[in-house]
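Reviewing the structure listed below.
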Amino acid sequence: MRRDRNRKGKKRICSFCVDKVDNIDYKVPEKLRKFITERGKILPRRVSGNCARHQRQLTRAIKRCRQVALLPYTAE
């Protein structure tokens, strides 16, 4: 089977930029939950579609949220 090297995926748009979010709040785990896998890992930029600035804020917020036990570190 031949690979198509010129194929590009759909350009993902940062959901935080669309909503004009300045800072991502760690106290809202419902919003952060969709950016972690079932196993508890943080989704990378290329999968989540976030811009670099919001991905850094998101990572920081998820780690803080885990620290205060609002999100789990791993799956059950």
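The values are calculated or read from the model by the stated rules, or taken from the named source; none is laboratory data. Everything quoted here is computed from the prediction, not taken from an experiment. Cβ coordinates were reconstructed from backbone atoms using ideal geometry, including for glycine residues, and neighbour counts include every protein chain displayed.
The figures follow:
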| read-out | value |
| --- | --- |
| For Arg64: the one exception among (1) in contact with a strand residue (DSSP E or B) (Cβ under 9 Å, 6 or more places away or on another chain); (2) modelled with pLDDT of 95 or more; (3) surrounded by 15 or more Cβ atoms within 10 Å (Cβ to Cβ) | (1) |
| Answer from Lys31, Lys27, Lys8 - the residue that is surrounded by 10 or more Cβ atoms within 10 Å (Cβ to Cβ), in a loop (DSSP other than H, G, I, E, B) and charged (D, E, K, R) | Lys27 |
| Odd one out for Thr37, checked against (1) over 12 Å from the mean Cα position of the chain (by Cα); (2) exposed (fewer than 11 other Cβ atoms within 10 Å of the Cβ); (3) at pLDDT below 95 | (1) |
| Residue match in region 43-50 (condition: surrounded by 11 or more Cβ atoms within 10 Å (Cβ to Cβ) and more than 11 Å from the chain's Cα centre (by Cα)) | no |
| Filter result for Lys10 (within 10 Å of the chain's Cα centre (by Cα) and charged (D, E, K, R)) | no |
